[in-house]
Amino acid sequence: MPSSFNHSFAFNDFRFDIEKRVLWRGEQVVALPPKATEVLSVLLTEPGSLIERQEILERVWADTYVEEGNLNHAISSLRRALGADLIQTVPKRGYRFSGEVSRIQSPPDEVLFFEKRSVSTSTIDQFVEFENLPVSEKAIRLRSIRIRATAGVAASLVFAAAVGFYFFRSSPVPAAGRPVGLKSIAVLPLKSFAPTVEEGELSMRITDALITKLGEFGELVVRPTNAVLPFAGKADDVVEIGRKLSVDSVLDGRVQQEGGRLRITLQLLSVADGTQLWAEQFDGRVGETLALQDLIAERLGKDLALVSSNATAVQPKPNNDSYEAYLKGRFLWNQRKKETYYKALEYFERSVQLDPSFALGYAGIADTYHLLHQRNAISTMDAFEKAEAAARKAYELDPNLAEANTSMGDVSHIRYAEWHEAEGFYHRAIGINPNLAEPYARLGMLYNGWGRFDEARSVLSKAVELDPTSINNAIYLGANYYFSKQFDKAVDQFERILEFSPGTERAHFFLTRIYELEGKYDKAVEHALKEREISRPQTVGALRQSYGSHDIRKFWNKQVALLEEESKELFATEHHIASRYVLLGEHERAIEYVEKNLKNLGSMRIYGQVDPMFEKLRNHEKFIAAMSKTAPPPV
């Protein structure tokens, strides 16, 4: 439970709120790197005393291996913010805070979230007089005001409101245009002062909203939500996270919720040297994320001289409750798990129920049905019909929405095999929002199936650049190497994916096929079993036993038997069965399953012409006849 008082330390013209971890200089928030803030809190608890380096490391970086250079960096940040003379170095031992420090207390609800209101001239005069007082004297005045307020003196309440606004109003670090070299940014998951599941979800919703809004600045590459999601709740150094995400800057911040009110404190840090480029504080209300994200993006864009690529577009504002439901849906959608897709779908559907004109909500519905189809969780026709209806509605409502164009591209590509039409939609989405990785990834897979491998590699590399943490984008690039028969590069790519994410079954799937085509059956079986351990662990024992005598044909036949049984509850498994029959040399049976897959609008329509697994069928008359109905146009 939080303390009933906010404990603050006052020194020189600074005030440090120990509970909220906020440093003030007069009316201005001084944004510090998180670890520098923690070091300051340690030093201020024992002002004038020597604090050993090891003790600071243990208290600030508990249970984390860290080099002393991290402490040096934090001390340097503090000296830049406070002045070099306040923190003394005791050679080979540690540090001492040398300034005069006084401790003050104030009930948090009396200084947080005062509403702005008009005040009389006499009150303003009192406010100006109050502004010139030392911090310690301000604390005495505040206590006096509280006593008078308890007695019901209305004028004192007005003055207290003015004082509260003085302490906590937004004050940006002055900016002189966009910093040189600022081309990319990662918005890190906002931290909470009182972390709970509810606050964590709220923080991620606001983070996702900021990422979406900042993506409108065409000059700035913004990492997508699923790229920063792995760092939620982590105590990693934010600058180091920026390096991992390959960006020039990181937007780091905290969100505080009290009752129905929100306070967000943000700072933009350079990844190159950790210097602060911008800082600001914003107040809003829970449930009004839309207005808050617009305010933050507008201020950041103005202070850093950024121009929105949608500046001239006239787009209707969605219902705020609808937008909140959409953000919850995207938060769950970004978990990339089958079970969370269904919950995400509920929120997307709620978003359009609340606002039937909300195009983003329909795009979310379309995306989710396509992904459920990819996971074999829903029938092809059911998924396609619902995805198409939602995508067309999104496009009808807002043809200038990048997500709607991407969804329409998927409909053209995956359902109708309209290659040129799909290409046009993806290009249009990229033109609308060049920071959105998804249309690059989808265009790359379109080119893969089309046999345009060099173009595919180019746009897929761009998708990886925009979202370097996306497993999907990395898999798509590996698929490019597989389809173009660059097996050595494909193996390297999929092995790197497994180092980063060992539970990626698609990586095992592709490695299995590569080793089968190369005749390296022990390795092929190894990865086939690992894929099964992830998706269907109960079948691993039987499969392993079938290869006990290293009889690969027995292993493939056992796979066919399992897939036949599983096809009763899973969808679109025919192409897997067909590939087993190709390996077994039973080409007529293989083509039988190819035809079934084509009839069910399966993946053979898209990738059958380029998949090396089906190379031996390319000259077969039945295969040529079947594939000619959906073959991509000549390159």
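Bear in mind that the values in this text are calculations on the coordinates, not laboratory data. Just so you know, these numbers come straight off a predicted model, no measurement behind them. Every residue, glycine among them, receives a Cβ derived from its backbone with ideal geometry; neighbour counts consider all protein chains shown.
Along the stretch 253-259 the Karplus relation, 6.51 cos²θ - 1.76 cosθ + 1.60 evaluated at θ = phi - 60°, assigns HN-Hα couplings of x, 10, 10, 10, 10, 9, x Hz to successive residues, with x for each Gly and Pro. Contact order for the stretch 185-312, expressed relative to its length and based on alpha carbon pairs under 8 Å spaced 6+ residues apart, stands at 27 percent. For the stretch 533-635, the gyration tensor built on C-alpha atoms gives a prolate shape. Its axis ratio a/c (a ≥ b ≥ c) is at least 1.5, and a/b is the larger of a/b and b/c.
For a straight C-alpha distance cut-off of 20 angstrom, the aspartates and glutamates reachable from Lys554 (same-chain residues fewer than eight places away being disregarded) are Glu516, Glu518, Asp522, Glu526, Glu531, Glu533, Glu564, Glu565, Glu566, Glu574, Glu586, Glu588. Under a model in which nothing but the beta-carbon of Lys, Arg (+1) and Asp, Glu (-1) is charged, the stretch 185-312 shows a dipole of about 100 debye around its Cα centre.
Label-to-label distance for Lys523 and Lys616 is 2.0 nm, based on points extended 7 Å past Cα in the beta-carbon direction.
Karplus-derived 3J(HN,Hα) values for the stretch 386-396, using 6.51 cos²θ - 1.76 cosθ + 1.60 with θ = phi - 60°, are 6, 5, 5, 4, 5, 5, 5, 5, 4, 5, 4 Hz; glycine and proline are entered as x.
Net charge dipole, the stretch 349-399: roughly 120 debye, given to the nearest 20, about the Cα centre with Cβ charges of +1 for Lys and Arg and -1 for Asp and Glu.
With r defined as the distance between the Cβ atoms of Arg79 and Glu58 and R0 fixed at 25 Å, what FRET efficiency is calculated, to the nearest 0.05?
So the FRET efficiency works out to roughly 0.70.
Simple spin-label estimate for Arg103 and Lys338 gives 5.7 nm between the two label positions (7 Å along the Cα-to-Cβ direction from each Cα). For Ser192, the residues whose amide H sits under 5 Å from its own are Val255, ignoring neighbours fewer than 5 places away on the same chain, with H placed 1.01 Å from N. Taking amide H positions as modeled 1.01 Å from N, with prolines and chain starts lacking one, the residues under 5 Å from Leu262 and 5 or more places away or on another chain are Gly284, Arg285, Val286.
Each residue of the stretch 564-579 was assigned a 3J(HN,Hα) from its phi angle through the Karplus curve 6.51 cos²θ - 1.76 cosθ + 1.60 (θ = phi - 60°); the sequence is 4, 5, 6, 5, 5, 10, 9, 10, 6, 9, 4, 5, 5, 5, 4, 5 Hz, with glycine and proline shown as x. Name the residues whose placed amide hydrogens come within less than 5 Å of the amide hydrogen of Thr630, ignoring near sequence neighbours (fewer than 5 apart) on the same chain. The list, which skips near neighbours in sequence, is empty: none. Pairs of alpha carbons in the stretch 185-312 separated by more than 23 Å make up 26% of all such pairs.
Can you tell me the order of 501-509, 43-51, 591-599 when each peptide is scored by its average per-residue count of other Cβ atoms within 10 angstrom, highest first?
On the way: 501-509: 17.3, 43-51: 15.7, 591-599: 20.2.
Output ranking for 501-509, 43-51, 591-599: 591-599, 501-509, 43-51.
Residues of the stretch 603-632 with the amide nitrogen closer than 13 Å to a label point 7 Å from the Cα of Glu588, along Cα-to-Cβ, please. The answer is 622, whose backbone nitrogens lie closer than 13 Å to the label point.
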